[in-house]
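A.B. asks: Pasting in a structure now, in structure tokens, and then I'll have a few things to ask.
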Amino acid sequence: MLFIEKLLQRAFRNSNRLGVKRFYDADSIPVTLDLEENFDQIRAEYNRIIKRYDDLAPFQKISPHQTYISNDDRWKLFFLKGAGLWFQRNCREMPATANIIRKHAYVISAYISILGPRKKLNPHAGPYSGVLRLHLALDIPDPRKCYIDVGGERGYWEEGKCILFDDTYEHTATNNTDELRAVLFMDIAKPMSRHMMWLNWCIIKISRFFPYVFIPYFRHKRWEKEFYDL
């Protein structure tokens, strides 16, 4: 099984029409234009969500099998979509953002990712090379002190702008300020040949039945009941 995973990772990485890099030009992904043009609306919706920061789900509560990345309450999430599955109640809290994502079917996952003050994620690498990661910077208290390192290269967030990178390289994110850092965090299906895209979509569809996906999904659904007092 491990051999097949490594083979797929190599195949998907080498089939990427954008080339093999750590960071990419975010404008090469069409959703970037929609996100940046509608940043004021997205930011306004985020501002409403962040008022309940203390009630948002910490990362390890949703993904307990990944506590090696973060095991405190200073990385919090608010899901709109995960592995192609929608969180409709959350989407109603951010309708403009959700509508933009719905226009672009290749956005596989989308959620608000919030790093608390002086928070740094431990080095880690994404498990699946069929996607690229896109961040829309929502709240960056100091662009010099909020950054992401990917495979030895460093990128900085700028509010209202997107960055695109390959998360299968070991990476870490840092908020070296006393305030919150927030991004709209998205997984984007890699642009590849027709046959490789077909294989990629098949794996993405099947993945929702894997523990890596369905355990966080159902844990998030339980959190929703508490958050909305259902």
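A.B. asks: Would you compute, from DSSP H runs of 4+ residues alone, the mean residue ellipticity of the chain at 222 nm, taking -39500 (n - 2.57) per run and dividing by the full residue count, rounded to the nearest 500?
C.D. replies: Working: 8 runs with 81 residues, N = 230.
Rounded to the nearest 500, it is -10500 deg cm²/dmol.
A.B. asks: Rounding to the nearest 20 debye, state how big the charge dipole of the stretch 73-171 is about its Cα centre with +1 on each Lys and Arg Cβ and -1 on each Asp and Glu Cβ.
C.D. replies: Its charge dipole is roughly 340 debye.
A.B. asks: Could you tell me which trypsin sites (Lys or Arg not before Pro) in the stretch 24-105 are loop residues by DSSP with no more than 12 other beta carbons within 10 angstrom of their beta carbon? Let's see the in-between values first.
C.D. replies: Values: sites: 43, 48, 51, 52, 61, 74, 76, 81, 89, 92, 102, 103; in loops: 74, 103.
For trypsin sites (Lys or Arg not before Pro) across the stretch 24-105 that sit outside H, G, I, E and B with at most 12 neighbouring Cβ atoms in 10 Å, the list reads 103.
A.B. asks: Turning to a different aspect of this structure: Between the stretch 172-226 and the stretch 13-38, how many Å separate their Cα centres?
C.D. replies: Taking the Cα centre of each part, the stretch 172-226 and the stretch 13-38 sit 17 Å apart.
A.B. asks: What do you get for chymotrypsin sites (Phe, Trp or Tyr not before Pro) in the stretch 1-85 restricted to DSSP loop and a cutoff of at most 13 other Cβ within 10 Å of the site's Cβ? Don't skip to the answer; put the middle values down first.
C.D. replies: Details: sites: 3, 12, 23, 24, 39, 46, 53, 59, 68, 75, 78, 79; in loops: 68.
The qualifying sites are 68.
A.B. asks: Could you tell me which residue out of 86, 33, 46 lies farthest along the dipole of the stretch 5-133 toward its positive end? Charges go on the beta carbon: Lys and Arg +1, Asp and Glu -1, centred on the Cα centre.
C.D. replies: Of the candidates, 86 comes out farthest on the positive side.
A.B. asks: Hey, got the dipole for the chain? About the Cα centre, +1 on K and R Cβ, -1 on D and E Cβ, debye to the nearest 20?
C.D. replies: Here the size comes out at about 760 debye.
Every read-out reported here was derived from the displayed coordinates using simple, explicitly stated rules and does not represent laboratory data. Since the structure is predicted, the reported quantities are computational estimates derived from the model, not experimental observations. Positions of Cβ are generated from backbone atoms using ideal geometry, with glycine treated the same way; all protein chains shown enter the neighbour counts.
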